[in-house]
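Worksheet for the structure shown next.
The values are calculated or read from the model by the stated rules, or taken from the named source; none is laboratory data. In this text, all values refer to a predicted model and were calculated from it rather than measured experimentally. Neighbour counts are summed over all protein chains in view; Cβ atoms, including those assigned to glycine, are modelled from backbone coordinates with ideal geometry.
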Amino acid sequence: MTQKVYTMGYGGQKLPLVQKAVAELGAVIFDIRYSPRSRNPTWNGANLRRVLGARYRHVKAFGNRNYKGGPVEIVDYEAGKKAVEQCGRPVILMCVCRDYQRCHRRNIAEQLRADGFEVEELDPSAPAITQQRLF
């Protein structure tokens, strides 16, 4: 069976929609920001952990060392991939970026696809999350 991985940018989203996506997909959120902090307290790692419980993990291994600018440099792709493999559930790789094409999650998604994972970008604001895919 192929491991299922979704990607998602939370920018412009509402947390209840993200919670719904997690529930509908039976997934775990992997917060792939280098640092799980946000100016908006809703998206701080501590709040996400409180709201999502065991369905939330900060996975710094998939973070971009150069998140403040410069070329994408994933902290430790292999460690992140191992976390996905060991999760035992579908995984949603989440960061702030709305634009998939400009986000480091695209780099991770491409590597995961090359390694045999099934990867899809989600739009949690779509009416039926399990039916709506962006690509």
Qualifying residue in the stretch 101-124 (condition: within 19 Å of residue 20 (Cα to Cα), modelled with pLDDT under 90 and in contact with a Gly (Cβ under 6 Å, 6 or more places away or on another chain)): no
Complete set of residues in the stretch 76-104 that are within 14 Å of residue 59 (Cα to Cα), of a type outside the set (Val, Ile, Thr) and surrounded by 22 or more Cβ atoms within 10 Å (Cβ to Cβ): 80, 93, 94, 95, 104
Search result, residues across the stretch 101-125 that are under 18 Å from residue 65 (Cα atoms), of a type outside the set (A, V, I, L, M) and touching a residue at least 12 places away in the same chain (Cβ under 8 Å): 103, 104, 105, 106, 107, 111
Selected residue (only one of 27, 21 is modelled with pLDDT under 95, buried (at least 17 other Cβ atoms within 10 Å of the Cβ) and of a type in the set (Gly, Ala, Ser)): 21
Flag for residue 91 being β-branched (Val, Ile, Thr) and either farther than 19 Å from residue 20 by Cα or modelled with pLDDT under 95 (or both): no
